[in-house]
Amino acid sequence: MKRCPKCNFLNEDFASSCGGCGAPFGLGIVKKFKDSKTNLYAKYALVLGIISIPLIYFCLGWITGATAIAFGILARYKIKKSQGTQTGGTMSLVGIILGIVAVGAAVALLIYAAYITNPMGCSGIPGNPELFLEGRGIN
């Protein structure tokens, strides 16, 4: 594949002119397309997604998880717009998934912590009704 030096359009190797702008390919102005490069945001999304899982234990997983989701979405957008010059779509997707797992686990732990710190629980009656009745002076 070769890239047009004028409009940066990706053309076939045998093309005599650019399919994007119509500029002819002359001698010396043709740039051969290099191997695709992995998007940096995709790498960040994957690393942050992986880091967010053990950080759930320290109640910090939601921070890196949310950042992994944001970087993953940004990476997928940039990869799609790159016309095949960038790769890393799977890396960004895994980062997004791990970020969602970390944020979901953080929310679940927050709900669980709120539930266990409330002595009445969700129903308004504590786990042992006999203790509840004794505390009220009812025998």
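FYI, it's all coordinate maths here, none of it is from the lab. Since the model is a prediction, treat every value here as computed from it, not as a measurement. Cβ placement follows ideal geometry from the backbone for every residue including glycine, while neighbour counts extend to all protein chains displayed.
Worth pointing out:
- Averaging the sequence gap over all C-alpha pairs within less than 8 Å and six or more residues apart, then dividing by the number of residues, gives segment 43-122 a relative contact order of 38 percent.
- Ordering of 70-77, 51-58 by packing [mean C-beta count within 10 Å, highest first]: 70-77, 51-58
- Binning all Cα-Cα separations of segment 36-125 at 10 Å, short to long from zero, yields these whole-percent fractions: 21, 36, 21, 13, 6, 2, 0.
- Efficiency of FRET between I53 and F9 - r from beta-carbon atoms, R0 41 angstrom, step 0.05: 0.50
- Amide H contacts under 5 Å for T87: K37, T38, N39, restricted to partners 5 or more places along the chain or on a different chain, H placed in the peptide plane at 1.01 Å from N.
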